[in-house]
Structure formats: C-alpha cells, structure tokens
1. Given labels modelled 7 Å from the Cα in the Cβ direction, how far is it in nm from Ala561 to Ser313?
2. In what sequence, highest mean first, do 283-292, 302-311 appear when ranked by Cβ atoms within 10 angstrom?
3. If the reach is capped at under 13 angstrom between alpha carbons, list the aspartates and glutamates near Lys77, excluding any in the same chain fewer than eight residues apart.
4. Could you work out the relative contact order of region 197-326, using alpha carbon pairs under 8 angstrom and six or more residues apart, expressed as a whole percent?
5. Which of the lysines could a cross-linker span from Lys425 if the Cα-Cα distance has to be under 30 Å and same-chain partners fewer than 8 positions apart are dropped?
6. Using a Förster distance of 51 Å, how high is the FRET efficiency between Phe326 and Thr429, based on the Cβ-Cβ distance and rounded to 0.05?
7. What is the distance, in nm, between label points placed 7 Å from the Cα along the Cα-to-Cβ direction at Thr570 and at Asn402?
8. Treating region 360-421 as a set of equal point scatterers at the Cα positions, no solvent, please give the Debye-formula log₁₀ I(q)/I(0) at q = 0.12, 0.15, 0.17, 0.27 Å⁻¹.
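The values are calculated or read from the model by the stated rules, or taken from the named source; none is laboratory data. Keep in mind that this is a model prediction, so the values were computed, not measured. With ideal geometry, Cβ positions are generated from the backbone for all residues, glycine too; neighbour counts draw on all protein chains shown. Note: areas computed on protein heavy atoms with side chains; ligands, DNA, RNA excluded. Shrake-Rupley method; radii C 1.70, N 1.55, O 1.52, S 1.80 Å.
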Amino acid sequence: MRPIAIIFAVVALLAGISLSWVIAAKTITWLEEGRQAEMEQAFYAGGIEWANAEADGFLLTLSGEAPTGEDQERALKIGRLIFAENLQDATTTRQPTISRPPDRPPFLEILKNGNDLSFIGTLPEGESQQVLAKYIAALGAETRVTDVSVTTGSAPPSWLPAFEYALRIASLTHQSIINVSPGAVVLEAVPLSASWQPGFEEMAAKLRPEGVSFTVDIATARQIISPYVFSLDIAAPEVATCTAQDEAVAARIYSSVEQIIGTPITCDIGIGAPSRQWFEAVKAGLAALSTLGGGRLDIIDADMTLTAPETVSAEDFERAVQVLGFALPGGFTLQASRDEPSPDVAIEESRPIAFTATLSDEGQVQIEGSVKNALTREVVMRFSEAKFGYGLVEDRLWLEENLPDGWQVRVFALIEALALLNEGKAEMTPATLEISGDASFENPAIELKKTLLAAYGPEQPRLDITYTAPPAGSEGPGLDPRLCVSRITSLLAGNGIAFAPSSAVISDPSLPTIAAIADILTQCRTARIEIGGHTDSQGREVMNRTLSQSRADAVLDAVLARNLLLGDITAKGYGEAEPIADNGTEAGRTRNRRIEFKLLRAPSNHPPEAQATPRIRIDNFSRPAMRAPASLLPAPISESENQ
C-alpha cells in the first residue's frame, strides 16, 4: 500500500475515534444533566430545599444536611424511586440542639381577691421563704392561701426589701395584683371607694423602703374571672374559651389564634390573670400547637396542658414539649400527652349509620345514633331539650364523619315529629324512617307527614300512629298544643321574623307572619307557650341577652296587639347561649339570629331532683369556664351592639 493511503487511513481512523468519543461524552453529559434535572424537579415538587444532587454517569450522589431524620429518609425515598441502586447517599442529619436559657432573676406575682391570696412565680430559697411562711401564719383563718411559687437560687440584695414591702402593701388592698422583682414593686389595684386612693398612696409612701421603686395603677372596676382559662382545640375551634386582662392583650391573642386557625376567637376581659405574662404563656402554647400541626391547648390559671394528636411522631412531640418548657414564663406548670388510638374507636366505626329516638309515656326521652361532630351533638341535645324539657333527654349519640347529605336536617325533623306524640319511637337509617306511637289529635299520620315533608321530600315514611281523644274542656278540645307549636315552627321555617338592625323593631314584611302565628295560637288556648329570642355571638354576652329579650317581648306584644283570645304565652331572651349553627360563618350567624316558639310543660308537683334524669355530659365538648360570684362583679357597662 502506498504511504499516502496509509496516512489517510490513520487520519480517518483517528477522526472516527475522536468523533465517537465526543458523541459519547456529549451523550453522557446529556444523561447526567437530564437525570440531575429530574432529581431536582422531584425535590422541588416535594418541598425539599436542603438536598443537593450531583450526577456522575449513571450514578447520582445525594448530599446535604437534613433538618430531621424524617426529612432525610423522605429525600432518599424519592431518590431511590428514580435511581434505584444507582443512588449514593452522602447526606447527614442536623441534630436539634436546644440550650437551656440562663437563670432568670426571681419574680413573684401576688394575686389578692378579698380573702383569697395566691403566690405565683419564683421565690429565692432561704430568708424569703421564712418571711413568706411567717406572713401566711399571721393571716386570719378566713384567708385562703394558694402558693404555687417555685424555689430558685440566691437573689440579689435588693430582692428581700422589695418582697417584704409587697407583703405589707397587699394587706392594704382588697383586689390587687402585685408584681415583685429585685428592687421594684408594681401594683394594680381596684379602689374600695372614691376616698380610698389618697389614703392608700400616703401609707404606701411611708412604708416604702429606700432603694425600692414603687409603681401603682389604680384600675377601674372590672369583672373578676376565676379560674383564668384559655382553651383551644384545633379540631373544634368553635368551642374555644379565652380570657384576657385587657383589650390590648385580647387583640394580641386574637391575632395569634387567627394565624393558626384562620379565624379569631372571643375573649372575656377581666382581672384575675395568674401572671402579667399570661399572653406570653398563651403565645408559647399556640406556637407548640402550630409546630405539632394540631392538638389541644388548655391553660387553667397557671397550669398548662398540651395534648398532641396521635399522628405526631414521638420525636416531634418530645421536641415540641422541650421547646415549650423553655419558652413558658416562670410560675407556669406544663403537662403534655399524646393521643393514643382508643380501643373504642374501632367499635364506633363499625356502628351502623342510624338514629333512634324513644319517648316514654312519662316524658323521658332517649336519643341514640350518628351525628357528624361535637357541635352538632350539642345542638341536637339543646333542640331535644327545648322540645321535651331540660333533664328529660338521655344522650347516647356517637360521632360519625361520613354521613349522608341532609342527615342533620332529617334528625331535627324526626325529633320534631316525635315531640307531637304522647309516646312513641322513631327509627331512621339512610334509606328508611319508621315512626310508631300514640297521638292526641285527629289524623296524626297526615300531620306527621306535613312535619317531615321538608326533610324527606315526597318519600313516604312508614307511620303506625294510634289516636287517643283527649278529654275536652269547657272551651273544647282545640288543637293539641304540640301540633300548634309544630305548625308555628313550620311557618317560621319559611317566613322568619326579621328585625331592623341592632333593634327590636319588627320589619314590616314580617307582620303577615305575626298575624298567621296569632291565628294558630287561638286554636291552642290551654297551652303554655314560650317565645324565645336568640342572637349570634357577636358583641358582649350581656348585651346579646338583652337584645334577644327585647325582640322576644316585641313578638309577644305584636301577637297580643291582635286582641285575640290566647293562652298563657311568655317571652324569654337566650342571647347567644343556644346556637343552631356555626357562628364562625355569616350563614351560621344568620341562622342563629331567630325567634322560636316552645311548648312549656305543666309544672310538676315532684321536687326538682326527682323529676329529671341527669343528663350525660358530652366527652369532647368544652363549656365556658365558671365565673366569679355575681356579688363580686361590677355593674354592667352599657354599650351599643351590632346584631
């Protein structure tokens, strides 16, 4: 072969090899970049920002510092789904380090309310404890002392003079909060009379030791709240309870709660907080709820209880409790627990979807069956007690989230129908409704079908109702009182009574409804009927009750103005105490602003304790905390309310 041909062959071979190498390198780079981009897109979609992915051929190395072990495992799981055995793990986990804050100076809060005296905070060991023991021993037998202070180490020399001065000051007040810190005493007191303040300030100036500052705030009279409570269940925020020292603290609590659940809550304003750092304690607890993603927080005076949902891991729970313990102000105690699956849950989940109500001939009622949540359970109980009488209804309800559409409406209609009977039983499933019993009005099946029509539509329930004629009085039998109230309730369902905003003036379009109600009432003159006024929860409770009473009175006056022969009719305002819908929505508040007619049972000759079966309390429904006796509360302050 000629030399030139050999040269051309070698050059062609080298060119081919070079081209192949370039193509292979480009292909590998393209694969690396593609797989790395695929990994980064998966991390971005999963919200993983700490991890780094580096491709080397068919291998991909994952590196970075994960905040927790769970975050690390989640990133590796996503990587293995894409790269399987070609994934190399070079990640690490950042272990949480929580350092204990330095020791704080002693701080003690003295809360005095008449003969009740409480000590909350930190108290240095040694001489301060001896001084407090002698002071308590010298108090009269009628004084009730609660000491929940925590012993701390030594205190600066300026502590003891301030502490002794605070104890002397406490003896000169009736209702006060005294905060003691080294060299400083801060007092907030409610004056006993108009002449009390000058004499007190003069005596306090004489007693004040040198080197101790004294700040005094003579407050206007406010209600005393005891116990001081904050309670929030993320799963049921509508039953939250809140108390605050003033409007400023309440506004800060509103804002903190709204950041977690999206809606604010209402706080009662009054003195009695176990610490000036009440908001800081509430804020720390809310931060723990936010970290856990749910749960329940209860603070009663200086005792905090945190309950985490069962879905939270043990590691996250312990970390949240540790952080909360460090953030909690001095004087507060903490108990924490994590919900465990109850053995009864499986039993409740296996229960059939059904609802049964039984009315005995003695007036006792038992309701048993499925309702959606704790709030619905409470509303069903209140509705039943309104129909049959307080204390006569036994609660055997259970909670079931997956209920058919319209189930709650059917439950109310079932109870409404049963209330028309002398005795009977109503049983409902998603597909059937059966009612049996005895009635004192003619054509009971027809009347019951009218009551059930709105909830059940054209479906025909199975009815087995007997008729027992009531003894006719001098005025004739008329309508059965229960049927009378049922007809008024049906009338109001389609034509509610409306009022001018924030007043008890009945709107003109509602006057025909008043006339129709009066005509029905003429047919049941032997009945004792109550007109109940109800409001939503906006505004102060006392003003809501006053407005509801005024509106109930206005309806009664309008009915009586018809100059018809009627029976025993009274009016009562319930305010916001008996909601039938969620006050957190505009639609719910509209439903809660209403007028209801209720049949009152004839007075019993039996003593009160003998005529009612104790009501079974609801396990997971919190009622507002009890308040101080009325004798300790200030006179209500008038203000305008917007209902």
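1. Label-label distance for Ala561 and Ser313, simple model: 6.9 nm.
2. 283-292, 302-311
3. Partners found: Glu85, Asp89.
4. Relative contact order here is 23 percent.
5. Lys372, Lys387, Lys449, Lys450, Lys598
6. After rounding to 0.05, the efficiency reads 0.45.
7. Distance between label points: 4.7 nm.
8. The computed values of log10 I(q)/I(0) come out as -0.27, -0.42, -0.54, -1.26.
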